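The values are calculated or read from the model by the stated rules, or taken from the named source; none is laboratory data. Small disclaimer: the values here were computed from a predicted structure and weren't measured. Using ideal geometry, Cβ is built from the backbone for each residue, glycine included, and neighbour counts are taken over all protein chains shown.
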Ligand SMILES: Cc1cc2nc3c(=O)[nH]c(=O)nc-3n(C[C@H](O)[C@H](O)[C@H](O)COP(=O)(O)OP(=O)(O)OC[C@H]3O[C@@H](n4cnc5c(N)ncnc54)[C@H](O)[C@@H]3O)c2cc1C
């Protein structure tokens, strides 16, 4: 917030007749200073720089004219140009040669070094670039600029320590495979890796994306910063002609806003796709281009205070009035107020609103309507529209999830999205051939993105936690005088981290298979061949749930693996957790998603019983049990373990299906029988999805051309599968000896994989800028950086905090605090 003094001055300047404020008299002198300050704030920036600042752009106060009449135009108190230095002049000396050169400050350290070396024809690998602070050189010595990817203008020697922590260097040297090649596999090819890195470099070089850590900002500041950055990202993407390149724009957004959920995210995730899918051709002409050009910013308003999962329960009404050819949008109750839509509170000026359509005295169920919420020039909410921010949440601080109450708001008839249904001018309702199935396609795609986001979230948390585990020493030394062990030396710690890494790779590959499935099935669906839709729909629902559940659980495990530092925002981990967690709720609440998958699986058993053919990922489902694969005896290969998980999934499903059928035979209603098995059914759905993840993981491991990469991925996949067998042993019969063999195999795998722990997470190739973590930084210099971080806390701005004067001093002196105002 702004300092109290500033608030007081502004209030006095705006209130011409106030004589006392907060119990203190306003003197003439104070008034004059306050009024003159207000005039300066709203007039001078424009005059000095001919460039309006944020404040000058903000609406000028109504009182400005009368204050100008009283005091006249004022000169600035001082003229200070705060624009950053764009280039510097360097004098370079080498031996007895001397050169002068100009250097743009947005160059990377790597480029600066190259430029310096070019001057004297010196090989860059033989040159070190040092920062020498004349005042500090005695204490600090020359400081090596050793992060080649950092921009020159934002290189802060105080938070870059001279060299990489040797404990991390040592771990990096243990890798048994070429890390860079695994990065290419994860990115989908070398070309993609290079492109991603180029994009990351573009953002790194741009000083507009530099700012202090957002964790020290108020929520309002965080929101404001996120709006500015989100719009700046759009602007840059347009300038760089990248808007039509989904890969490039995705990575640009990620690296530019690594920890800020975008307040305009819903515009391109839901608003634009809904307009594409639900508008008639005419409507698309009218709105889609405006939305794509960002002339309007929209959100998707479905959920209400009282109605989430159950869409048909929505209460908002859209009643057609033929006399004016308008719909009247209305929120009849408190529970009908829209609640949650992203960007609805303050950012968006339009929304697709989901409401019950009434015409000619009949309700035709939920339909979508385009509703203008705010004036396009003033951004003030329109008459009848009451909207705002829903307040602080567990995470997502940078986005204004909002509420919306509609009080008989009228919109033209043409604002109903009319691709699938229409209300004619006289009020006649016409439903066209339903192509709801087409919208399933978009849903599958969005859900594959959620699975991939979950994998990316774990990759970030695991990179932080594994690096930290390499440099954190804790515990009893193995012999007197020896150092304390590193966290990564503990088998139980290896287990906690490596199973998270294994889950991450599994989900990563599964999300790719799911996305490919979408691209295979979607063209068929568009031509009316919908046979594979139930399979893809069920898979995407279940994987969305399993992915986001696992994502949240693994990130939390990584956070706890970092002890107390994991609880500090400095680690970056709380934010990763809070950003991943809501995905368990939105786009279909996870338990409800698993029930949908379970329902599909029950149908598959029925179809198998009737001898019908099943879709590829359901093809293992039979109407009779199959023999349990033997885990004892031969080697526990990934194929054998996968076979066991397939058998487990089928056994569980047949058991639940048998129960369900017996309820039906006892003449229970279908819905009651379903409820009776629902708890078990969610476990079946999970087992089915885990099987899919395991298969995707193993296929990708086998597909790796480099035998070393194939080897390490297969071992990691075995760890994933074994862990599933052990944790799912309670679902079915697993003999004690089989269980013991699996446990032994896990122990051996931990020893085998430990040297590759760092390499496996660093293959994700996450720059420090993306991780935003003090304890997960590439150089592993955790403690110095932690101290630097704490220094930035606003509470440290003064030695003695004002609360001491206000409360503590009085309390210590034995005075009663009861009479003091709670908020000063
Ligand atoms: C960060 C965030 C962003 C969001 N953004 C948007 C947005 O942009 N636009 C929008 O319209 N909405 C948005 N939502 C709302 C979101 O879609 C809903 O929260 C979600 O659909 C769940 O609805 P609900 O909150 O009413 O929970 P409920 O539906 O009330 O569910 C509560 C619990 O009951 C369980 N449950 C519900 N029904 C059943 C059932 N049939 N059987 C068994 N268990 C059941 C669920 O599993 C859940 O655990 C957002 C939510 C969040 C958290």
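General observations
- Selection of region 127-146 for residues being at pLDDT below 75 and either more than 39 Å from the chain's Cα centre (by Cα) or part of a loop (DSSP other than H, G, I, E, B) (or both) yields 132, 133, 134, 135, 136, 137, 138, 139, 141, 142, 146.
- Residue satisfying condition, being within 16 Å of the ligand (Cβ to nearest atom), farther than 23 Å from residue 396 by Cα and either out of contact with any strand residue (DSSP E or B) (no Cβ under 9 Å at 6 or more places or on another chain) or assigned to a helix (DSSP H, G or I) (or both), within set 498, 602: 602
- When residues in region 292-321 are screened for being within 16 Å of the ligand (Cβ to nearest atom) and without any contact (Cβ under 8 Å) to a residue 40 or more places away in the chain, 6 of them pass.
- Meets criteria (over 29 Å from the mean Cα position of the chain (by Cα) and touching a residue at least 60 places away in the same chain (Cβ under 8 Å)) for residue 324: yes
- For the criterion of being more than 16 Å from the ligand (Cβ to nearest atom) and surrounded by 16 or more Cβ atoms within 10 Å (Cβ to Cβ), residue 255 passes.
- Residue 631 being closer than 19 Å to residue 745 by Cα, touching a helix residue (DSSP H, G or I) at 6+ places or on another chain (Cβ under 8 Å) and in a helix (DSSP H, G or I): no
- Filter result (crowded, with 19+ Cβ neighbours inside 10 Å and more than 36 Å from the chain's Cα centre (by Cα)) within region 622-653: 631, 636
- Any hit, region 349-357, residues being without any contact (Cβ under 8 Å) to a residue 24 or more places away in the chain and either surrounded by fewer than 20 Cβ atoms within 10 Å (Cβ to Cβ) or away from the ligand (no atom under 14 Å from the Cβ) (or both): no
- All conditions in (1) modelled with pLDDT under 85; (2) surrounded by 10 or more Cβ atoms within 10 Å (Cβ to Cβ); (3) assigned by TED's automatic domain parsing to the domain that holds residue 118 hold for residue 47, with the sole exception of (3).
- Residue check for residue 442: in contact with a helix residue (DSSP H, G or I) (Cβ under 8 Å, 6 or more places away or on another chain) and surrounded by fewer than 18 Cβ atoms within 10 Å (Cβ to Cβ): yes
- Within region 558-585, considering residues that are under 20 Å from residue 469 (Cβ atoms) and not in a helix (DSSP H, G or I), the one nearest to the ligand (Cβ to nearest atom): 572
- With respect to the conditions (1) touching a residue at least 60 places away in the same chain (Cβ under 8 Å); (2) within 15 Å of the ligand (Cβ to nearest atom), residue 373 falls short on a single one, namely (1).
- Contacts under 7 angstrom Cβ, first residue in region 791-809 being free of Cβ contacts under 8 Å to residues at least 12 places away in the same chain, partner outside any loop (DSSP other than H, G, I, E, B), 6 or more apart: 801/795
- Each residue in region 393-452 was checked for being away from the ligand (no atom under 16 Å from the Cβ), modelled with pLDDT of 95 or more and within 22 Å of the chain's Cα centre (by Cα), and 2 pass.
- Verdict on residue 672 being at pLDDT 95 or above, surrounded by fewer than 18 Cβ atoms within 10 Å (Cβ to Cβ) and farther than 22 Å from residue 593 by Cβ: no
- Residue in region 268-281 that is within 13 Å of the ligand (Cβ to nearest atom), at pLDDT 95 or above and closer than 22 Å to residue 403 by Cβ present: yes
- Within region 322-345, considering residues that are within 16 Å of the ligand (Cβ to nearest atom) and surrounded by fewer than 17 Cβ atoms within 10 Å (Cβ to Cβ), the one farthest from residue 430 (Cα to Cα): 334
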